[in-house]
Amino acid sequence: MFRFDYRDVSFAHKDAYTSSPKDEFTKHMHYFYEILYFIRGEAEFHVEDRVRVLAPDDIVLIKPGQFHFADINAALPYERYVFKLPGEALPKYLCQRLNQCGNFFSSSRDLLPLFERLDAAYEQFEEEEEELRIAGISATWEILLHLSKRENDGDDKNEDPFLNTILNYVEEHISERLTLESLAQALNYSESYLASRFREGMKVSIISYIRGKKVMAAHALIQNGMKPNEAATAMGFTEYSTFYRDYRQLLGGSPSKTKSSR
């Protein structure tokens, strides 16, 4: 078992009981690609409005900006590999292919040796961070290449028309000032119904979801060279202080420290 966090990458092989799953698997979004290879345990994984009860050798691919969380049975050991890599560390063509993939892949045992390669690399390069980083990126690239060539594997799309309508509307209007009132008016729902049904289906408030999506969209604009205050305005934030607070809370750093990928 190992955990490696260095610069822009994170790799881990974890096998343990978790006494407080909600702390570790909190509902969130992030700017990097995350790959989870599930080995054993009891876990229900949520990515946006998709849900999968994981089986051994399932892989979960989480793309930048996707809302996700896991419900874990704390009474059982939970073993998995987890790799995290920012999009700027990948070729653009690979990111484009991955963004067309689904989130869940079953019967992926043929890829297990690529994950296990990091166990041996960690033992060999534990004290040499740059070498271990390169080994991890190499393994991740190969895994992602394999996934990008596979057919979408039972994406477990939630067929709830209500959720599909809301998520599509938010995506199409993300740069606008979205409030519970404006959404209810645009979609002909009462505010109370909209709020309660969204929370029931997504396990998060609609306002928290929208704020997260706006921050992730602004983050992408900043990476492409836009000034933080301009990105905040472009995403409909009327107060920079609100954007700054939400950005730090979601991404753990200030907008001005975001590295441009240009």
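The values are calculated or read from the model by the stated rules, or taken from the named source; none is laboratory data. Every value quoted in this text rests on a predicted model; they were computed, and no experiment measured them. All Cβ positions, even for glycine, are placed from backbone atoms using ideal geometry, and neighbour counts span all protein chains on display. When the accessible area is computed, the model is the full protein with side chains, heavy atoms only, and any ligands, DNA or RNA have been set aside. Shrake-Rupley method; radii C 1.70, N 1.55, O 1.52, S 1.80 Å.
Taking a ≥ b ≥ c as the square roots of the Cα gyration tensor eigenvalues, the range 208-254 comes out rounded, since a/c falls below 1.5.
Surface composition of the range 1-121: carbon plus sulfur atoms contribute 50% of the solvent-accessible area (1.4 Å probe, protein chains only, all chains present).
Computed from point charges on the beta carbon alone (+1 for Lys and Arg, -1 for Asp and Glu), the dipole magnitude for the chain about its Cα centre is near 880 Debye. Computed over Cα pairs, the Kirkwood radius of the range 154-262 leads via Stokes-Einstein (1.567 mPa s, 4 °C) to a diffusion coefficient of 87 µm² per second.
Classify the range 39-151: rounded, prolate or oblate, from the alpha-carbon gyration tensor (a ≥ b ≥ c, eigenvalue square roots; a/c under 1.5 rounded; otherwise prolate if a/b is larger than b/c)?
Numbers: a/c = 1.77, a/b = 1.17, b/c = 1.51.
It is oblate, given that a/c is not under 1.5 and a/b is not larger than b/c.
Pick from L61, L98, L187: which is most flexible by mean-square fluctuation in a GNM of the chain where alpha carbon atoms under 10 Å apart are linked? It is L187. For trypsin sites (Lys or Arg not before Pro), no site in the range 89-128 is both called loop by DSSP and has at most 16 other Cβ atoms within 10 Å.
So what is the calculated 222 nm ellipticity per residue for the chain, using -39500 (n - 2.57) for each DSSP H run with n of 4 or more, over all residues, to the nearest 500 deg cm²/dmol? List each step's numbers first, then the result.
Numbers: 10 runs with 114 residues, N = 262.
Mean residue ellipticity, 222 nm, calculated: -13500 deg cm²/dmol.
Please compare each pair in K149/K203; K63/K257; K14/K92; K27/K63; K84/K257; K92/K214 to a cut-off of 25 Å on the Cα-Cα distance and tell me which ones are over it. Among K149/K203; K63/K257; K14/K92; K27/K63; K84/K257; K92/K214, the Cα-Cα distance tops 25 Å for K149/K203; K14/K92. For the chain, the equivalent ellipsoid derived from the alpha-carbon gyration tensor has semi-axes of 32, 23, 17 Å in decreasing order.
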